[in-house]
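J.: Quick one: this structure, given as structure tokens, is what I'll be asking you about.
The values are calculated or read from the model by the stated rules, or taken from the named source; none is laboratory data. If you're wondering where the values come from, they're calculated on a predicted model, not measured in any experiment. All Cβ positions, even for glycine, are placed from backbone atoms using ideal geometry, and neighbour counts span all protein chains on display.
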């Protein structure tokens, strides 16, 4: 395992470097667990894994297909996401090579980066659902906003924990007020505030409108957090963008493989939490008044 990097090391160069593989002399060590090497290209494996899950989601978008199932539609997707997560963690820990500068510590990127992406996606969805709740006043939108907020808080908490572990190994500290870390903390706390607001407001209509507005405001933190990695600080510059990638393919495909796992598990968690929210909302509906003379 590589020696921990000090903040001065990072400030001097790592923040602007690419995520890459060990040199040729160490690649063999990274493949020591490779008594076998899959004959299928990693990109193809990741594409197949993602397309299978997406095809299932598209099929479940047809109401007739959902109603024909003898079980809740989200359960197969959740099981599939869990399978991908278990196999993806194995690939990240024992199959993919180590990272050039951080060695085995860099393997955490295979879960840290997907957690970051899915946390921000969940919060964006929470803002969209909150806006939908305000616009339509329909209960389903409000339940979806609550579900997305809770899943986002879970993912963002995992993100912060993984980031602290990574930071301790590379920076020598568990936490520093780096722009990316600070904006991530603010984003997380904002949505914790949304959930706390929902917990203290008992009137269903007020809870839906107030928390819907709060979720829309909290979503403003998502693009700020995304852009903050480009600001000065210890956090390395973005290695993955829409136009190009600085991550070696031997590492990159495993990271995207795990991203599919996180995505499908996110959908499962949201669907389950939405059902719980709907049941609670139904229980809050007051009983109809008896008819006069009945």
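J.: In this structure, does residue 55 turn out to be out of contact with any helix residue (DSSP H, G or I) (no Cβ under 8 Å at 6 or more places or on another chain), surrounded by fewer than 22 Cβ atoms within 10 Å (Cβ to Cβ) and either free of Cβ contacts under 8 Å to residues at least 40 places away in the same chain or not in a helix (DSSP H, G or I) (or both)? Show your work before the answer.
T.: Working: out of contact with any helix residue (DSSP H, G or I) (no Cβ under 8 Å at 6 or more places or on another chain): yes; surrounded by fewer than 22 Cβ atoms within 10 Å (Cβ to Cβ): yes; either free of Cβ contacts under 8 Å to residues at least 40 places away in the same chain or not in a helix (DSSP H, G or I) (or both): yes.
It is true that residue 55 is out of contact with any helix residue (DSSP H, G or I) (no Cβ under 8 Å at 6 or more places or on another chain), surrounded by fewer than 22 Cβ atoms within 10 Å (Cβ to Cβ) and either free of Cβ contacts under 8 Å to residues at least 40 places away in the same chain or not in a helix (DSSP H, G or I) (or both).
J.: Given the criterion assigned to a loop (DSSP other than H, G, I, E, B) and touching a residue at least 12 places away in the same chain (Cβ under 8 Å), identify the matching residue among 173, 192, 186. Explain how you work it out, then say what you get.
T.: Details: 192 fails: assigned to a loop (DSSP other than H, G, I, E, B); 186 fails: assigned to a loop (DSSP other than H, G, I, E, B).
After applying the criteria, what remains is 173.
Residue-by-condition table, conditions (1) closer than 30 Å to residue 56 by Cα; (2) under 17 Å from the mean Cα position of the chain (by Cα); (3) crowded, with 17+ Cβ neighbours inside 10 Å; (4) at pLDDT 70 or above:
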residue	(1), (2), (3), (4)
211	no, no, yes, yes
243	yes, no, no, no
247	yes, no, yes, no
270	yes, yes, yes, yes
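J.: Go through (1) surrounded by 15 or more Cβ atoms within 10 Å (Cβ to Cβ); (2) under 24 Å from residue 140 (Cα atoms) one by one and return the number of the condition residue 167 breaks.
T.: Of the numbered conditions (1) surrounded by 15 or more Cβ atoms within 10 Å (Cβ to Cβ); (2) under 24 Å from residue 140 (Cα atoms), the odd one out for residue 167 is (2).
J.: Same structure again: Looking at segment 195-207 only, could you name the residues that are part of a helix (DSSP H, G or I) and surrounded by 15 or more Cβ atoms within 10 Å (Cβ to Cβ)?
T.: We begin by selecting, within segment 195-207, every residue part of a helix (DSSP H, G or I); these are 195-200, 204-207.
Passing the criteria: 195, 197, 198, 204, 207.
J.: Which residues, counting only those in segment 72-112, are surrounded by 20 or more Cβ atoms within 10 Å (Cβ to Cβ) and part of a strand (DSSP E or B)?
T.: Matches in segment 72-112: 99 only.
J.: Hey, another quick one. Go over the candidates 280, 275, 252 one by one and state the one that is part of a helix (DSSP H, G or I), at pLDDT 90 or above and either touching a strand residue (DSSP E or B) at 6+ places or on another chain (Cβ under 9 Å) or surrounded by fewer than 19 Cβ atoms within 10 Å (Cβ to Cβ) (or both).
T.: Details: 280 fails: at pLDDT 90 or above; 252 fails: at pLDDT 90 or above.
On inspection, the qualifying residue turns out to be 275.
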